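The next block holds one structure in the form of structure tokens; read it before the comments.
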């Protein structure tokens, strides 16, 4: 089992810094939703490198991103042919 990034939308939405979207090395993995005003993770693309955690904790000082085992992610998103859809991953 590996871990993926999970963003606390309350903390992220309050800061709106977007640094994680700029530093993630995997394209189309951490994106910014301008309607909700927060970043979100495409769980099927996240490789678990934890660069976003370092950026959010050390550079931005927001501590909005934590690593969670993939089976514990509740509000994940997956990429599909027509954009993003809510993941069917259930917490076990």
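The values are calculated or read from the model by the stated rules, or taken from the named source; none is laboratory data. The structure presented is a predicted model; accordingly, all values stated were derived computationally and were not measured. Glycine also receives a Cβ, built like all others from the backbone with ideal geometry; neighbour counts cover every protein chain displayed.
Out of 53, 41, which single residue is assigned to a strand (DSSP E or B), touching a strand residue (DSSP E or B) at 6+ places or on another chain (Cβ under 8 Å) and within 14 Å of residue 6 (Cβ to Cβ)? Of 53, 41, the one residue that is assigned to a strand (DSSP E or B), touching a strand residue (DSSP E or B) at 6+ places or on another chain (Cβ under 8 Å) and within 14 Å of residue 6 (Cβ to Cβ) is 41.
When every residue of the range 17-38 is checked against the conditions, at least one turns out to be surrounded by 15 or more Cβ atoms within 10 Å (Cβ to Cβ), touching a residue at least 40 places away in the same chain (Cβ under 8 Å) and part of a helix (DSSP H, G or I). Looking across the range 41-55, the residues that are touching a residue at least 40 places away in the same chain (Cβ under 8 Å) and either buried (at least 20 other Cβ atoms within 10 Å of the Cβ) or closer than 21 Å to residue 17 by Cβ (or both) come down to 42, 43, 46, 50, 52, 53. Listed conditions (1) crowded, with 16+ Cβ neighbours inside 10 Å; (2) modelled with pLDDT of 90 or more; (3) outside any strand (DSSP E or B) are all met by residue 6, apart from (3). The single condition among (1) surrounded by 12 or more Cβ atoms within 10 Å (Cβ to Cβ); (2) part of a loop (DSSP other than H, G, I, E, B); (3) modelled with pLDDT under 95; (4) out of contact with any helix residue (DSSP H, G or I) (no Cβ under 8 Å at 6 or more places or on another chain) that residue 89 does not satisfy is (4).
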